[in-house]
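Q: Before anything else, here's the structure in question.
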Amino acid sequence: MVVKLLTLNKPHEVELKLNSNFPQNVNVIGYDKNNQKYFDRNVYLNQPEIKLRFGCPITPNNLYVKINANNKENLKVTPKLNNLGSTFIFDSSTREFVEFIQEFCTNYHKYKAQKTYYSRSKKFKIVHLNTIGETTPARIHKTKHFIEVGKDYFKDISIPMRVFILCHEYAHIYMNTVPENEFEADINGAKLYLKLNYPIIELLYSFTKIFGESPETIKRSIAITNYVKQYD
């Protein structure tokens, strides 16, 4: 089942009311004509009706929502577009970074690997590589402050996940008190990401779907989960 929503490139909260006669697993994916994902959620329907909400501060002209279910015949989907709260007012430097990464993440299919891309004033730089060669989707240079992005990770993840990963890298240099501290970069990156009104769940997916289950990653995942509860 695919639902087409006229979002007109404006910020929206996408609300989906799901009604089912019996429990079942449902997958919901929001995407544009270029197959760039705006959200990707798995949910277990264990009650007759639930509502899912997805913050989309950036949308295409038409947003397609695909619903996969065990038994589609017994599933009723009612979509609704709500107003999304205004984003935080940033200083000029942060605003330039946000505009840069949102363009990069939303139109990622246009950006070729093995090339370098710059923000408006060239203060921020992304070096887009086929792979970084490490178990990480991105990293920031400690002294030159450019961000390297690996296409092998970025090509298949959602737009919000890309945004959070780049907010995390930005936080290392521009928000942390200790640049090398991953836990601090997680929290500061989350602060920036959430001020943009992106979904919390996509932030958490950045840990569970990308970083694996090393002891440090599990600790970071627990810390960030506890932090974002105040926004839920």
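Q: For the charge dipole of the chain, defined by +1 on Lys and Arg C-beta atoms and -1 on Asp and Glu C-beta atoms about the Cα centroid, which residue among Asn188, Leu204, Val163 has the Cα displaced farthest towards the positive pole?
A: Sorting the options by dipole projection puts first Val163.
Q: Identify which of Ile132, Ile89, Ile218 has the largest mean-square fluctuation in a Gaussian network model of the chain, with springs joining Cα atoms closer than 10 Å.
A: Of Ile132, Ile89, Ile218, the most mobile in the Gaussian network model is Ile89.
Q: Let me ask another. Hey, what do the phi angles of region 184-190 turn into as Karplus ³J(HN,Hα) couplings, whole Hz, using 6.51/-1.76/1.60 and θ = phi - 60°, x for Gly and Pro?
A: 5, 5, 4, 5, 5, x, 5
Q: Which order results if His172, His141 are arranged by neighbouring Cβ count within 10 Å, fewest first? Write down the numbers at each step before the final one.
A: Working: His172 23, His141 14.
Lowest count first: His141, His172.
Q: While we're on this one: List the GluC sites (Glu not before Pro) within region 166-199 that fall in a DSSP loop (any state other than H, G, I, E or B) and whose Cβ has at most 14 other Cβ atoms within 10 Å. Display every interim value, and only then the final one.
A: Working: sites: Glu169, Glu180, Glu182, Glu184; in loops: Glu180.
Listed in order of number, the matching sites are Glu180.
Q: Averaging over all projection directions, find the projected area of the Cα convex hull of region 92-231 and quote it in nm² with one decimal place. Provide the component values of the computation, followed by the final result.
A: Values: hull surface 31.9 nm².
Result: 8.0 nm².
Q: Here is a follow-up. From zero up to wherever the largest Cα-Cα distance of region 2-82 sits, split into 10 Å bins and tell me the percent of pairs in each.
A: 19, 53, 24, 4
Q: Just tell me which lysines come within less than 26 Å, Cα to Cα, of Lys66; anything on the same chain fewer than 8 places away is out.
A: Lys66 reaches Lys4, Lys10, Lys17, Lys33, Lys37, Lys51, Lys76, Lys80, Lys110, Lys151, Lys155, Lys209.
Q: Here's something else I'd like to know. Rounded, prolate or oblate for region 156-232? Axes are the square roots of the Cα gyration tensor eigenvalues, ordered a ≥ b ≥ c, and the cut-off for rounded is a/c under 1.5.
A: Numbers: a/c = 1.28, a/b = 1.06, b/c = 1.21.
It comes out rounded by the Cα gyration axes.
Q: Just how far, in whole angstrom, is region 1-56 from region 116-152 if you go by their alpha carbon centroids?
A: About 31 Å separates the Cα centre of region 116-152 from the one of region 1-56.
Q: Could you work out [θ]222 nm for the chain from helices alone, using -39500 (n - 2.57) per DSSP H run of at least four and dividing by all its residues? Round to the nearest 500 deg cm²/dmol. If you can, show how the numbers build up before the last one.
A: On the way: 6 runs with 72 residues, N = 232.
Computed mean residue ellipticity for the chain: -9500 deg cm²/dmol.
Q: Another question, then. Among Tyr31, Tyr205, Tyr174, whose mean-square fluctuation peaks in a Gaussian network model of the chain (Cα, cutoff 10 Å)?
A: Among Tyr31, Tyr205, Tyr174, the largest mean-square fluctuation in the Gaussian network model of the chain belongs to Tyr174.
Q: While we're looking at this one, here's another question. Over region 2-82, calculate the relative contact order: mean separation of alpha carbon pairs under 8 Å at least 6 apart, over the residue count, as a percent. Walk me through the numbers before you get to the answer.
A: Values: 188 pairs, mean separation 39.9, N = 81.
This gives 49 percent for region 2-82.
Q: Taking the Cβ-Cβ separation of Arg120 and Thr225 as r and a Förster radius of 35 Å, what is the calculated FRET efficiency to the nearest 0.05?
A: On the way: r = 35 Å, r/R0 = 0.99.
In this case the efficiency is close to 0.50.
Q: Also, quick follow-up: By a straight-distance test (C-alpha under 17 Å), which aspartates and glutamates pair with Lys72 as possible cross-link partners, with residues fewer than eight away in the same chain excluded?
A: Those aspartates and glutamates meeting the cut-off are Glu49.
Bear in mind that the values in this text are calculations on the coordinates, not laboratory data. None of the values given here were measured: they were computed from a predicted structure. Glycine gets a Cβ as well: all are built from the backbone with ideal geometry, and neighbour counts include every protein chain shown.
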